[in-house]
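Working notes, structure below.
The values are calculated or read from the model by the stated rules, or taken from the named source; none is laboratory data. As the structure is a computational prediction, the values presented were derived from the model and not from experiment. Positions of Cβ are backbone-derived with ideal geometry, glycine not excepted, and every protein chain shown enters the neighbour counts. All accessible areas refer to the heavy atoms of the entire protein, side chains included, with ligands and DNA or RNA removed. Shrake-Rupley method; radii C 1.70, N 1.55, O 1.52, S 1.80 Å.
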Amino acid sequence: MWNPWRENLKDTPKESLNWRLWYGVFVFGLMGAARGIDEGLIGTTAELQPFIKKFGLKDASKSKHDQAELLSNITSMVQMGSILGALIAFYLTDKIGRLWATRLLCLIWASGISIFLASSATGNIGMVYAGRFIAGIGIGQTTVVAPTYLAETAPRAIRGLCVCAFAGAVYIGIMLAYFASWGSSIHISSKTDAQWLVPNSMHLMFAGIIFTLSFFSRESPRWLIKVGRHEEALKIMSDLRQLSPDHPYVQSEIIDINDQLNREREATMGTSWMGPFRELISSKANLYRIQLSVMSQLLSQWSGANSITIYAPQYFEMMGTTGQNEKLFATAIFGVVKFVSSMICAFFLIDYIGRKRALSTGITLQLLSMLYMAIFLLVDTNIKSGDPEASQTPSQKRAAMGAIVMIYFSGFGWALGWNSVQYLINSEIYPLRLRALGGSIAMTFHFVNQYGNSKAVPLMFIAMTTGGTMLFFTCVTTLGLIWVWFFLPETTGKSLEAMDEMFNLPWHLIGRKGAELTRGSGGMADVYDADGGKELDKLPDARIERV
């Protein structure tokens, strides 16, 4: 039987792949649904008549610009809250641990959504803004807490799979949200607020499930070692791997963690609480890590895929799909495509073909899809949103159908590429002392850009035209493909503690040849001369092994 992980798992005891590991992956992976539910619900909620009437989204007394401004404010408020959530997540995650940080964020998330739902009684737009902002503080923390926990507890051979469970859950949330809105539009009367309240109650359900299940999860052994609880860390690592505490595999993991932590403490001895911040900008290796975090978020968020997720009904309308139920149904199928794509990536590709190849393939698919949609919208000027008199020739109708298919292809490319790697890479590249801080900075930048994107897109459609907007996304996606080739290193199969070896290489080699020059996967990777010795004079001295 074909097994895509056979080579990666050859040094991993089979006992390590047990129910305790998968339970943790399920609980913390499920946190990805927090973002997915919001992204899937808010755009489709804005298509439901009770919500439109309650908050004046299509008030005839308002200009198109004012209507777009109101929609973007409602949509982007969670991203604003998520910026704050991601900023404080590193402190909470390191201070109270991964488990208690999870419980706290669930309470904040549920509190904000409760305020948002209560706005139906008054029609107060301020309650919508406040509730979504507070919910965003909790949702923003999930993007730091969950990938950090998953990366720290997973065996390195399947770390990509485990962290991608979070990315996959984003699309479970999106898919369920799309279908919930579509189902509500069919089965719940448009004369009652229940049509938008019922699907949005999914937030409360998921927050409650994650909060409850977290009490049966185990704390991260790496965090326990960091705070000096060594015996507890060894016991939990033994439980997670289902191996005895003195088993070589367990001992090697504990030794690697302690070795890296000791080296970090020696390097930062005597520094104040600002030490981690200074450490992040004091070495070329850490500056390169920050560059990876910032650029991966910038290029992914402005590639256009997230705007399609949030404003999917509007995109389908641009391509000629009209009618509330038809748009919501097409959007629901889009959610299925993205969910299935993310699962294929998580289970069969990210650890098998590697992060870099998966990302490059996904971006290429996304680029071709965006380019087609941009050309279609620029050429077919007969398409007018919601205009029943718009006429198309048979060839234009076929082209429009192709554009709708391209929306689905762009979703597949996003799920295979940026969606997985934007979380995975930031959970892998930072040393233990800086992992929560680095992840927090990355996700803060993530939500800053997502806020800007969700706020700007409705206005870009007016100022730049829809075709011009898609052409802009195409250009950004092209830049992303170039950046991946030159700067992104391959991290598949390397232990978290082995990453230091790769980032100590000269900056111009890390992305293109880092995986070749640091092939070892243990704490002390062997460095090979892949260029006949030409680059080895620049590499770290004691760890060079000429071949």
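Scan segment 196-236 for residues that are of a type in the set (Phe, Trp, Tyr), within 30 Å of Ser120 (Cβ to Cβ) and open to solvent by 50 Å² or more (accessible area, probe 1.4 Å) and jot them down. Even if it seems obvious, please write down each step before you answer.
Keep residues of segment 196-236 that are of a type in the set (Phe, Trp, Tyr), which gives 196, 206, 211, 215-216, 223.
Next, from what is left, pick out any that are within 30 Å of Ser120 (Cβ to Cβ): 196, 206, 211.
Result: Phe211, single match.
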Next on the checklist: Can you name every one of the helices (runs of 4 or more DSSP H) wholly within segment 249-327 that holds 2 or more residues which are buried (at least 20 other Cβ atoms within 10 Å of the Cβ), at pLDDT below 85 and assigned by the TED database to the domain that holds Tyr451?
Outcome noted: 305-310, 312-318
Next on the checklist: Tell me the residue from Ser82, Ser119, Ser111 that is open to solvent by 10 Å² or more (accessible area, probe 1.4 Å) and not aliphatic (A, V, I, L, M), please.
Outcome noted: Ser111
Item to check | Members of segment 122-131 found to be without any contact (Cβ under 8 Å) to a residue 60 or more places away in the chain and either buried (at least 21 other Cβ atoms within 10 Å of the Cβ) or polar (S, T, N, Q) (or both), listed by number | outcome: Thr122, Asn124, Gly131
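If I go through segment 452-491 residue by residue, how many of them are within 19 Å of Ser63 (Cα to Cα), open to solvent by 20 Å² or more (accessible area, probe 1.4 Å) and part of a helix (DSSP H, G or I)?
The initial filter retains those residues of segment 452-491 that are within 19 Å of Ser63 (Cα to Cα), namely 455-466.
With the extra rule that they be open to solvent by 20 Å² or more (accessible area, probe 1.4 Å), the set shrinks to 455-456, 459-466.
Next, only the ones that are part of a helix (DSSP H, G or I) stay: 455-456, 459-463, 465-466.
Result for segment 452-491: 9.
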Checklist outcome for this item: The number of residues in segment 137-182 that are open to solvent by 10 Å² or more (accessible area, probe 1.4 Å) and within 22 Å of Gly411 (Cα to Cα) is 8
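Looking only at segment 92-109, decide whether some residue is over 23 Å from the mean Cα position of the chain (by Cα) and under 30 Å from Leu213 (Cβ atoms). Quick ask: steps written out before the conclusion?
From segment 92-109, those over 23 Å from the mean Cα position of the chain (by Cα) are 95-96; that's our starting set.
Subset that is under 30 Å from Leu213 (Cβ atoms): 95-96.
The answer is yes, given that some residue of segment 92-109 is over 23 Å from the mean Cα position of the chain (by Cα) and under 30 Å from Leu213 (Cβ atoms).
Here is a list: Lys191, Lys226. Which entry is in contact (Cβ under 8 Å) with a residue 24 or more places away in the chain, closer than 24 Å to Leu92 by Cβ and of a type in the set (Lys, Arg)?
Values: Lys191 fails: closer than 24 Å to Leu92 by Cβ.
It is Lys226.
Could we say that Lys64 is more than 30 Å from Pro221 (Cα to Cα) and modelled with pLDDT of 80 or more here? Working first, answer last.
Working: more than 30 Å from Pro221 (Cα to Cα): yes; modelled with pLDDT of 80 or more: no.
Criteria not met by Lys64.
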